[in-house]
Amino acid sequence: MTAAGLASMLGPTGLEITLIESEAIGVVGVGEATLPHIKNFNDTIGVNEAEFMAATSATFKLGIEFVNWGRKGDSYIHPFGEFGLPNAGVAFHQYWRKFAGQPGVGALDEYSLPVIASRMGKFQPPSEDPRSVMSTYRYAYQFDALQYAPFMRSHAEARGVTRMEGKVVDVALEPESGRVSALTMDDGRIVEGDLFVDCTGFFGLLIEKALSAGYDDWSEWLPADRAVAVPCESAGPLLPYTRATAHEAGWSWRIPLQHRTGNGHVYSSQFLSDDAACDTLLGGLEGERLADPRFLRFVTGKRRKLWSRNVVAIGLSGGFLEPLESTSIYLIQEGITKLLELFPADQDYDIEVAEYNRWMDLQFERVRDFLILHYHATERDDSDFWNHMRTMTVPDSLAERLELFTAHGHVSAYDHGLFLVPSWVAVLIGQRVLPSSVDDRVSGQADAEVLRHLAGLKGHMEKAAGSMEDHAAYLARNNMMRAAA
Ligand SMILES: Cc1cc2nc3c(=O)[nH]c(=O)nc-3n(C[C@H](O)[C@H](O)[C@H](O)COP(=O)(O)OP(=O)(O)OC[C@H]3O[C@@H](n4cnc5c(N)ncnc54)[C@H](O)[C@@H]3O)c2cc1C
């Protein structure tokens, strides 16, 4: 992604880009669910959607279903879109809150078109007409990570990137500045460069092994430190959403792809053994398993400096936050976009480095807070893990947001980045955090009028979702299915 992004945007300036990859090491091979921002990235670098979908066995994604989070048995969808329609400048959930629990009002997510379409297994690209209810959502993709990496590699090579196969075995530093001057490959080749982007995954070969950037460990709030992953055969209709089901000491993902379903269980080794985690995962598979379970270890957090000297860490080399909200690929994109914006014109770029790190720290921290919310805003008390997560002290930045919401239902909007107000509302209300009172402006409207509006809206959305195409049929009709091998 980084090579493709830099080549597409900076290639015309004459910049020479070398991509080093090792087939012997390979890619991590997980990371299949994304956020809608990836469509902007693809569009910007000139990726054709149908070609990309077919090459990576991709499906469309309208949101994430969370099962068993607030309480066992609960289910809600965090949609990529709005709740209701904008009403006199007051957020829709304020109206819903006033009448929640009354006959016929139903759950908040029944007022979200992408949720209704998800539950029906439907998909259609959104409308560009802002007056249409069909414009109230966006979409992302679910794809095969092992097919995505070579697709991006080809895209980069077609835009002038030189790819080198082999293993980097040594990193040379300039004695005075401490900057990386060259890499030595296992066959003795030397690769010199001005700026190095460390995309070596969990190895952090340049940023940590060579430059010792340091790591902010966030496992105090996000103690999951392991995952076990296994693909299985698909069963049932091709759903346009990812599912995240909470378990005793973590959660499992289910990601529907064209040719298989991706599954994994993220858990805390402090509270659950590897065997128990694997049993839970295998016990929940919907189809025949297609490979042996694979275990992965990680420490939640981020590098203290994501850009240090002349090395920028993008991807897992920069840090890792569990994939509960599919944020890692988004953070990669943010890293690329910010690097492009601040790309050094000469050798003196300390101020750009400082700005990059400030910006990326903020992005990571916001994602961190949103993830903690899922674990903390729960009534679950059925395991030591949930008791710990429910009662722990959360970062001040999250505690303040929670207090603001529980008072009068307000969510302060970030000026940029993740997550937008409807996402916070989806998780808070989906996990039973209800404001004790509503925005005063809601009281100014007659109850009967608001109730009529709610009922009309629900019906309107159901009708719109019903008119959308079946997800699998849409893929087939638009030549987005990968040809069988
Ligand atoms: C359990 C799990 C689930 C995840 N799920 C999601 C998800 O649903 N959504 C999401 O957005 N993200 C997810 N992620 C994160 C996602 O997998 C990564 O962000 C993404 O795959 C990018 O990885 P990477 O390129 O940083 O590292 P890798 O895929 O590990 O790539 C590292 C590259 O560096 C090369 N390399 C390493 N060392 C050397 C060397 N010495 N010499 C030469 N080359 C070298 C390798 O060959 C490889 O090409 C998940 C991660 C985990 C662990």
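Some observations on this one:
- In Hz, Karplus ³J(HN,Hα) per residue of region 252-262 (6.51, -1.76, 1.60; θ = phi - 60°; x = Gly, Pro): 10, 9, 9, 10, x, 10, 4, 9, 6, 10, x
- Remark: accessible surface ordering of Ile38, Ile190 (largest first) is Ile190, Ile38, probe radius 1.4 Å.
- Percent carbon-and-sulfur accessible area, the chain, ignoring ligands, DNA and RNA, probe 1.4 Å: 51 percent
- Here r is the Cβ-Cβ distance between Glu341 and Asp415 and R0 is 22 Å; the resulting FRET efficiency, rounded to 0.05, is 0.90.
- Stretchable slack from Ala407 to Leu282, in nm (0.36 nm times residue separation minus alpha-carbon distance): 40.8 nm
- Fully extending the segment from Asp396 to Arg441, taken as 0.36 nm per residue of separation minus the present Cα-Cα distance, adds 13.3 nm.
- Between Arg71 and Asp43, the simple label model (points 7 Å from Cα in the Cβ direction) yields a spacing of 4.2 nm.
- At R0 = 30 Å, FRET efficiency that the Cβ-Cβ distance of Arg189 and Phe295 yields, to 0.05: 0.35
- Label-zone membership for region 1-35, site Asn478, 7 angstrom Cα→C-beta point, backbone N under 20 Å: 32-35
- Per-residue ellipticity at 222 nm from helix content only, as computed over the chain with -39500 (n - 2.57) for each DSSP H run of at least four residues, stands at -10500 deg cm²/dmol.
- Once the 1.4 Å probe is applied to the protein heavy atoms, the chain comes out at 43 Å² accessible per residue.
- Rough spin-label spacing in nm, given labels placed 7 Å along Cα→Cβ, for Phe202 and Ser234: 2.9 nm
- Extension gain (nm, one decimal) between Ser273 and Ser22, 0.36 nm per residue minus Cα-Cα: 87.1 nm
- Using the Cβ of Met120 as centre and a radius below 10 Å, the other residues enclosed give a net charge of 0, where K and R count +1 and D and E count -1.
The values are calculated or read from the model by the stated rules, or taken from the named source; none is laboratory data. Keep in mind the model is a prediction, meaning the values are calculated, not measured. In this analysis, Cβ positions are derived from the backbone assuming ideal geometry, glycine residues included, and neighbour counts consider all displayed protein chains. These area figures cover heavy atoms from the full protein model, side chains too; ligands, DNA and RNA do not enter into them. Shrake-Rupley method; radii C 1.70, N 1.55, O 1.52, S 1.80 Å.
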